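Engineer: Have a look at the structure that comes next, please.
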Amino acid sequence: MAQEDIFKKLVAHCKEYGYVFQSSEIYDGLGAVYDYGQMGVELKNNIKKYWWDSMVKLHENVVGLDSAIFMHPTIWKASGHVDAFNDPLIDNKDSKKRYRADVLIEDQLAKYEEKMNKEVKKAAKRFGESFDEKQFRETNPRVLANQEKWNNLHTRFSDALNDNDLAELKKIIEDEGIVCPISGSRNWTDVRQFNLMFSTEMGSTAEGASKIFLRPETAQGIFVNYLNVQKTGRMKIPFGIAQIGKAFRNEIVARQFIFRMREFEQMEMQFFVRPGTELDWFEKWKTTRMKWHRALGFGDDNYRFHEHEKLAHYANAAVDVEYKFPFGFKEVEGIHSRTDFDLSQHEEYSGKKIRYYDPELGESYVPFVVETSIGVDRMFLQVVSASYCEDQLEKDTRVVLKLPPVLAPVKLAVMPLVKKDGLPEKAREIIDDLKFDFNCQYDEKDSIGKRYRRQDAIGTPFCVTVDHQTNEDNTVTIRYRDTMQQERVAIADLGKIIGEAVSYKGLFGRL
Ligand code: ATP
């Protein structure tokens, strides 16, 4: 099945099973805003716990924070967001659709990559075991031609971004013959800058009200609390502050479901280090974060690092962790070496000293910062994309979310075989015993087969069936989601079997 079809099915599946709903749906929805349903909220919380505990519990020198969304408006002046948090936008005059100019060009680069990969795949099939991919890429004329196009475009694109040359971005789009996916035409407007921050008014009267912004990142809440946390927590450099919270961006192009939203949640950690050591720490956090992603077991080859074409105004190194979504490799997380830019700016704008006295060096300095920044929603989409499977069985297909058990919203479903003979009561007893440790679901409706399918569809790793034998010997059948194998086990052992499979400790052991 084409990857796009799989993605469409995934979106429909998320709705049908209570994972993600369009916001304000009964009023025809609100663009790029989504709500999480009864299953979605559980998965989201589990993802957040995985991140939070891996940061705050596993690192002695990382502590948490929960800062307000509303902040003093000067913060956004100091951070550079008022002047520079822009995206280059372009409109197609025929379809009246708006696009991000940089995204159109990135898609074009991806097309060249795809062409090269197709050639490689075809050749690999033809030559079998003796295939030498490196040699093929270096010699095949079609691959070389596309590589040259890619290189040229990439250089032009990077230069245009770094020079903030909007006319050149438009020229690239024209020269590459990029068409609007809706109208198919090349009738483009000029490229313009568009600030992504939402603003609102704070204060009760129109005259007394002042314009404030909804934060476009959680990081600034950490920076402006740096001294509070450092002093009250007696933190010694290097140390980190972690935060999970909402962020808002008035995204121009809101496509691909929860990949790009206007209201979303971020998990950010700012790590404060001695100046001059930041690039070593940048490398360390790159390794740590990649391990965190790969520990979920979705296949190491599905992740890669991507160097930024253009460094943000505050960074001296930046890399993205990308995952192979059904629509290609895309960013899930950014790791940035932000230098001392933010703290120095806040020193200047607030007039307060933001320094660290380093007892080992006997001097004070503005710390440098390495940041790891990941979107909860994008991580959610990564997890469900990687977990969604259509298993071909002998007679039919089953749709199953092969979620890592530790992240699954429901850990076990308990099902009485029939609705009589004391089996429902027995099933309830099991739930009463386990519900403080695991999210359980009771299900007595329809045939056992149908009930299994329902649990597969929401990703429940264990189904426990209570039958007549249970009344005699206190054993049940446990059925494993991925293998569909069934086993007879003692009720008394359920807690241990499930506990081991869904423990965060087990997952952290892989970090
Ligand atoms: P992009 O290039 O995709 O716009 P970005 O480089 O601006 O993203 P950052 O500012 O580095 O993103 O934000 C860090 C993380 O926050 C991203 O890796 C992503 O997971 C998440 N994120 C950013 N913007 C959005 C959004 N509009 N919707 C959902 N998640 C987002």
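The values are calculated or read from the model by the stated rules, or taken from the named source; none is laboratory data. Please read these numbers as outputs of a predicted model, since none were measured by experiment. Methodologically, a virtual Cβ is constructed for each residue, glycine included, from the backbone with ideal geometry; neighbour enumeration extends over all protein chains shown. With ligands, DNA and RNA removed, areas are computed over all heavy atoms of the protein, side chains included. Shrake-Rupley method; radii C 1.70, N 1.55, O 1.52, S 1.80 Å.
Engineer: Leaving out ligands, DNA and RNA, what percent of the accessible area of segment 92-201 is carbon and sulfur, probe 1.4 Å?
Structural biologist: The C+S portion of the solvent-accessible surface of segment 92-201 is 48 percent.
Engineer: Mind putting a number on the dipole of the chain about its Cα centre? Charges go on the C-beta only, +1 for Lys and Arg and -1 for Asp and Glu, and I need it in Debye to the nearest 20.
Structural biologist: The calculated dipole for the chain is roughly 520 debye.
Engineer: Also, quick follow-up: Could you work out how far helix 341-350 tilts from the main Cα principal axis of the chain, as a 0 to 90 degree angle to the nearest 10?
Structural biologist: 70
Engineer: What does the charge add up to near Asp482, with Lys and Arg as +1, Asp and Glu as -1, over the other residues with Cβ less than 12 Å from its Cβ?
Structural biologist: On the way: positive: Arg398, Lys402, Arg479, Arg481; negative: Asp391, Asp456.
The answer is +2.
Engineer: When DSSP assigns beta bridges and you keep just the ones with both residues in segment 394-508, what percent turn out antiparallel, to the nearest 5?
Structural biologist: Antiparallel bridges make up about 55 percent of those DSSP assigns within segment 394-508.
Engineer: Calculate how steeply helix 40-52 sits against the longest principal axis of the alpha-carbon atoms of the chain, using the helix alpha-carbon long axis, and give the answer as 0 to 90 degrees to the nearest 10.
Structural biologist: 60
Engineer: When the helices in the chain are scored as -39500 (n - 2.57) per DSSP H run of 4 or longer and the sum is shared across all residues, what 222 nm value do you end up with, to the nearest 500 deg cm²/dmol?
Structural biologist: -11500 deg cm²/dmol, from helical runs alone.
Engineer: Per residue, how much accessible area does segment 417-511 have with a 1.4 Å probe, in Å²?
Structural biologist: On a per-residue basis, 54 Å².
Engineer: With 31 Å as the limit, write out which pairs from Lys49/Lys284; Lys170/Lys330; Lys211/Lys286; Lys48/Lys134; Lys291/Lys402 have Cα-Cα distances beyond it, or answer none.
Structural biologist: Lys211/Lys286; Lys48/Lys134
Engineer: Rounded if a/c is under 1.5, else prolate if a/b beats b/c, else oblate: with a ≥ b ≥ c from the C-alpha gyration tensor eigenvalues square-rooted, which is segment 394-508?
Structural biologist: The shape class here is oblate.
Engineer: Enumerate by residue number the GluC sites (Glu not before Pro) in segment 1-69 meeting two conditions: DSSP loop (anything except H, G, I, E, B), and at most 14 other Cβ atoms within 10 Å of the site's Cβ. Provide the component values of the computation, followed by the final result.
Structural biologist: Numbers: sites: Glu4, Glu16, Glu25, Glu42, Glu60; in loops: Glu60.
Those satisfying the criteria are Glu60.
Engineer: Calculate how steeply helix 278-294 sits against the longest principal axis of the alpha-carbon atoms of the chain, using the helix alpha-carbon long axis, and give the answer as 0 to 90 degrees to the nearest 10.
Structural biologist: 30
Engineer: If you don't mind, there's one more thing I want to ask. Give the separation of the Cα centroids, segment 90-147 to segment 280-298, in Å.
Structural biologist: Comparing the Cα centres of segment 90-147 and segment 280-298, I get a distance of 28 Å.
Engineer: Hey, any idea what % of segment 394-508's accessible area is carbon plus sulfur with a 1.4 Å probe? The partial results should precede the final answer.
Structural biologist: Details: 2730 of 5550 Å².
Carbon plus sulfur share of accessible area: 49 percent.
Engineer: Also: Given charges of +1 on the Cβ of Lys and Arg and -1 on the Cβ of Asp and Glu, with all other atoms neutral, how large is the dipole of segment 308-347 about its Cα centre, in debye to the nearest 20? Spell out each step's value before the answer.
Structural biologist: Numbers: 4 positive and 8 negative charges, 40 e Å.
Here segment 308-347 has a charge dipole of around 200 debye.
Engineer: Under the rule of at least 5 residues apart or a separate chain, name every residue whose amide H is placed under 5 Å from the amide H of Val62.
Structural biologist: Correct list: Gly240.
Engineer: Give the long-range amide H neighbours of Ile212: residues separated by 5 or more places, or on another chain, with amide H under 5 Å away, using H modelled in the peptide plane at 1.01 Å from N.
Structural biologist: Long-range HN contacts for Ile212: Thr200, Glu201, Met202.
Engineer: Shifting gears a bit: Report the antiparallel proportion of the DSSP beta bridges in the chain as a percent, rounded to a multiple of 5. Mind dumping the intermediate values first?
Structural biologist: Values: 71 of 83 bridges.
That works out to approximately 85 percent antiparallel.
Engineer: Output wanted: per-residue J couplings in Hz (rounded whole) for segment 483-493, from phi through Karplus 6.51 cos²θ - 1.76 cosθ + 1.60, θ = phi - 60°, x for Gly and Pro.
Structural biologist: Along segment 483-493, the couplings run 8, 6, 6, 10, 9, 8, 9, 6, 3, 4, 8 Hz.
Engineer: Per residue, how much accessible surface does segment 43-117 expose to a 1.4 Å probe? Answer in Å², no decimals.
Structural biologist: With all protein chains present, segment 43-117 gives 47 Å² per residue.
Engineer: Could I ask something else about it? Using the reciprocal of the averaged 1/r over all distinct C-alpha pairs, how large is the Kirkwood radius of the chain in Å? Could you put the intermediate results ahead of the total?
Structural biologist: On the way: mean 1/r = 0.0385 Å⁻¹.
Final number for the Kirkwood radius of the chain is 26.0 Å.
Engineer: Accessible area per residue of segment 239-305 at 1.4 Å probe, in Å²? Please report the intermediate quantities before stating the final value.
Structural biologist: On the way: 2440 Å² over 67 residues.
I get 36 Å² per residue for this part.
Engineer: Name the long-range amide H neighbours of Val20: under 5 Å, sequence gap of 5 or more, or other chain; modelled H, no Pro or chain starts.
Structural biologist: Lys15, Gly37
Engineer: Right, something else. May I ask you to evaluate 6.51 cos²θ - 1.76 cosθ + 1.60, the Karplus curve with θ = phi - 60°, for each residue of segment 54-70 and list the ³J(HN,Hα) values in order in whole Hz, giving x for glycine and proline?
Structural biologist: Each residue of segment 54-70 in turn: 5, 7, 8, 7, 8, 10, 4, 9, 10, 10, x, 7, 9, 9, 6, 6, 6 Hz.
Engineer: In addition: What is the sum of charges, Lys and Arg at +1 and Asp and Glu at -1, for the other residues whose Cβ falls under 12 Å from the Cβ of Leu109?
Structural biologist: Numbers: positive: Lys111, Lys115, Lys149, Arg156; negative: Asp102, Glu106, Asp107, Glu113, Glu114, Glu176, Glu309.
Taking every other residue near Leu109 into account, the sum is -3.
Engineer: Could you work out what % of the accessible surface of segment 228-344 is carbon and sulfur, using a 1.4 angstrom probe and leaving DNA, RNA and ligands out of the count?
Structural biologist: 46
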